[in-house]
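What follows is calculated from the coordinates using simple rules that are stated; it is not laboratory data. Everything quoted here is computed from the prediction, not taken from an experiment. Virtual Cβ from ideal backbone geometry, glycine too; neighbours counted across all protein chains shown.
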Amino acid sequence: MSQPELVELRKQLKDMSESGIIKPAKSPYGAPVLFQKKADGSLRMCCDYRALNKITVKNKYPIPLVADCFDRLSQANYVTKIDLRSGYWKVRITEDDEVKTTVVTRYGAFEFLVMPFGLTNAPATFSTLMNQVLHGFLDEFMVVYLDDIIIYSRTLAEHVEHLQQVLARLREYELYAKVSKSSFAQETISFLGHIMERGRIQMDPKKVQAIEEWQPPSDVHDLRSFLGLTNIGVFEDLLRNSTAHDRLIEKDEDLELDTPMPRILRRIEESNGDRSCVGLTRRVLLLGGSCHLLRTASHTVPLFPHCERRPVRKFADTCTAHRQNSNIERNNNQDAAKSNKLSTSF
């Protein structure tokens, strides 16, 4: 670690020890620690639990789907986003398992008394807690994605009432908001890398810029990072010419220079004459032209599978809302006919 990181490490270890988050340990386990810079420039201490996670029995508790979260916001005019402060630390580690969370540092070994970031089952465990605490509010006027709580309402009066109910429940369970990262009674908010405004969704321009300026991958790590950044399959309907793009992907055809695509895709194609980056180009191709607005699907209208999509996603996240009642039956028949032409490639 660099000298500034060592100073920060000492500070954070001291603060966590005094707060009862960690205690000195003597253990056969020992995960390394490293730092990651936050958006505000401060440093977050990360525990590398990869070895422990490999031998951990996985908790398959369902994590909320991003698509479902956005669908619920389709009729919202006022939105509050609450980011919980150190939410994971509200979950105690079983006494017999505390030793397994040991981290080793230059200043000694320490074990966690509460749930640290980095454990493979941490997201599922925290989702269980949030569902228990906020049961009764979910999908009525609130959605939760891990430690992000979204309260939505049609009118300001309703929103004040909903907000009071949620805050009272959080106070009861001693869960507190991080004010600097929370927004109250807003018409426009940033949520999960997207901008929401009165039921409309737009990709965050900063994310689009990062994708366009990304340098061609030089190794597997770079490739994985880029694939994660461009993993926006649920928002394919935002894109221009998405149907044409899907057909190109399904047929596994070579990419043409006049195909609509971000500048980064052109650079990748020029620097990689072969198809070694086909996984990458497929994802970037879906970004096609952009970040324009789209009205999110309402959960109050019938949904039918959009059968022009790849089979692997047919019933996952590519349902299309047909809003005009007069066209529902006709569109359903057309989709059923197209289902016989599904390609087996993806």
**Request:** Just need the relative contact order of region 1-76 here, percent rounded to a whole number, with Cα pairs under 8 Å and 6+ apart.
**Result:** 19 percent
**Item:** Using a Förster distance of 30 Å, the FRET efficiency for Leu156-Lys38 (Cβ separation, nearest 0.05)
**Value:** 0.40
**Prompt:** Can you give the charge dipole size of region 11-104 about its Cα centre, rounded to the nearest 20 debye, using +1 on the beta carbon of Lys and Arg and -1 on the beta carbon of Asp and Glu?
**Reply:** 200 debye
**Asked** So which of Lys38/Lys60; Lys81/Lys181; Lys38/Lys100; Lys26/Lys58; Lys23/Lys100 end up more than 19 Å apart by C-alpha?
**Response** Lys38/Lys60; Lys38/Lys100; Lys26/Lys58
**Request:** At most 11 other Cβ atoms within 10 Å and a DSSP loop assignment: could you name the trypsin sites (Lys or Arg not before Pro) in region 22-122 that fit?
**Result:** Lys26, Lys38, Lys58, Lys60, Arg106
